[in-house]
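Here is the structure we will look at, set down as structure tokens.
No lab work stands behind these numbers, since they all come straight from the coordinates. Computed from a predicted structure; not experimentally measured. Here the Cβ positions follow ideal geometry from the backbone for every residue, glycine too, while neighbour counts run over all protein chains shown.
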Amino acid sequence: MMALEIAMDEAAERLGIDPVRFRILNDTQVDPEKPNHPFSERRLTACLCLGAERFGWKHRVARPASTRDRNWLTGVGMAVGFRDSPVTKSAARVRLDARGTITVETDMTDIGTGSYTILAQTAAEMMGVEVSKVVVRLGDSDFPVAAGSGGQWGANSATAGVYAACVKLRQVVADKLGLDAERAVFRDGTVWGGGQHFRLDAAARNGEIVCEDAIEFCNLDKKYQLSTFASHFVEVGVDIFTGEIRVRRMLAVCAAGRILNPRTARSQVIGAMTMGVGAALMEELAVDHQRGYFVNHDLAGYEVPVHADIPHQDVIFLDEVDPLSSPVKAKGVGELGLCGVSAAIANAVYNATGVRVRNYPITLDKHLDKLPPVT
């Protein structure tokens, strides 16, 4: 997408169409390669419209190198983000003990992406208890097999597996309490039904209840394309004398189904946006081709963004659910926040300077001699 979304920007300019409008005109609700394969949910146009409004895109000066703030040439750019959100069979084991504590066990991992939190939330919601009453145990090969982390598989698949296990646990609990599982209501640590109510822990007074189940998605991916969408908007400043690039503002508007935890989801997206800044402006492997050697192979020599490189980042999630994606109606967000960011920065640099750099990273030596004359 780093290359594709620059090409889209160039095409829009050649045609004399606003870049946001150009993408809206070419939006599709089906996979272009498989016209009989619709997207389960695609609200890219909403991302574009809301992003343009919040960012103040209407104030953009289309002619490159036309806006200056003292010694800085300023410009804005945008790009689309797109990332598949596949699902795969995932299992979990849930336990209810006599204290009313729910324990979730699955070999899902948490690499800093918040798996512990969203799996605890799923079990708490299903069993009608506070999150503090849920214990999550992950990353053990003795536990039921789940999706794992990476590629936006994890959140939707693993929470759906916990959902399935909790459905089975609710059935067993209701049976032990003499209630109709289909009509029973699990709320505030209590099970309600048929004019009666019981504490949840009463079902386990004679011993721990253990249930295990898995979610399978059958031919879902054969019928629908499950994907996530975003619009990225960026403002940059380029020093008229040195060619130094500074990112001034960043906005991402994401459509990713039900957001299971807004705080951790936002954290993933702003982290991904930061990675996009690095990819666009500084991250490059220096290779010694004679010796087959990566010269800058550690963090002492490989440049990545630091706090001073990153402005305030705004993240907006559309209020949506995807009823086809899973029982929890969610998707992934981990990599969506990265897709399109670098292109948005490159397009903003072009708008600021009139210099189109197609070779990442966009370091000052690649456009310094092409900057507008200093006046």
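The table that follows gives values for the structure above.
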read-out	value
Cα-based Kirkwood hydrodynamic radius, the range 195-254, one decimal, Å	18.8
Label point distance in nm, LEU364-ARG291, each placed 7 Å from Cα along Cα→Cβ	2.9
Cα coordinate range in the range 203-342, projected on the principal axes (Å, largest first)	73, 40, 39
Shape call, the range 104-258: gyration tensor on alpha carbons, a/c limit 1.5	prolate
Percentage relative contact order, the chain, counting C-alpha pairs under 8 Å, at least six apart	25
Unsatisfied cross-links (Cα-Cα over 28 Å) in the set LYS223/LYS329; LYS58/LYS331; LYS176/LYS223; LYS168/LYS331	LYS58/LYS331; LYS176/LYS223
Cα-based equivalent ellipsoid, the range 140-222: semi-axes from gyration tensor eigenvalues, Å	30, 15, 11
Relative pair counts by distance (%), Cα atoms of the range 50-118, 10 Å bins	13, 23, 17, 14, 17, 11, 4, 0
Pair ASP180, ASP239: separation of 7 Å Cα→Cβ label points (nm)	7.4
For the range 154-216 and the range 318-353, distance of Cα centres in Å	36
Phi-based couplings in Hz for the range 182-189 (Karplus 6.51, -1.76, 1.60; Gly and Pro marked x)	5, 10, 5, 10, 9, 8, 6, x
Stokes-Einstein D (µm²/s) once Rh is taken as the Kirkwood radius of the range 74-155 over alpha-carbon pairs, at 20 °C in 1.002 mPa s	150
Cα lying deepest toward the dipole's positive end in the chain, options ALA343, GLY100, PHE143, charges on Cβ	ALA343
Distance in nm between pseudo-label sites at ARG99 and VAL321 (7 Å out along the Cβ direction from Cα)	3.3
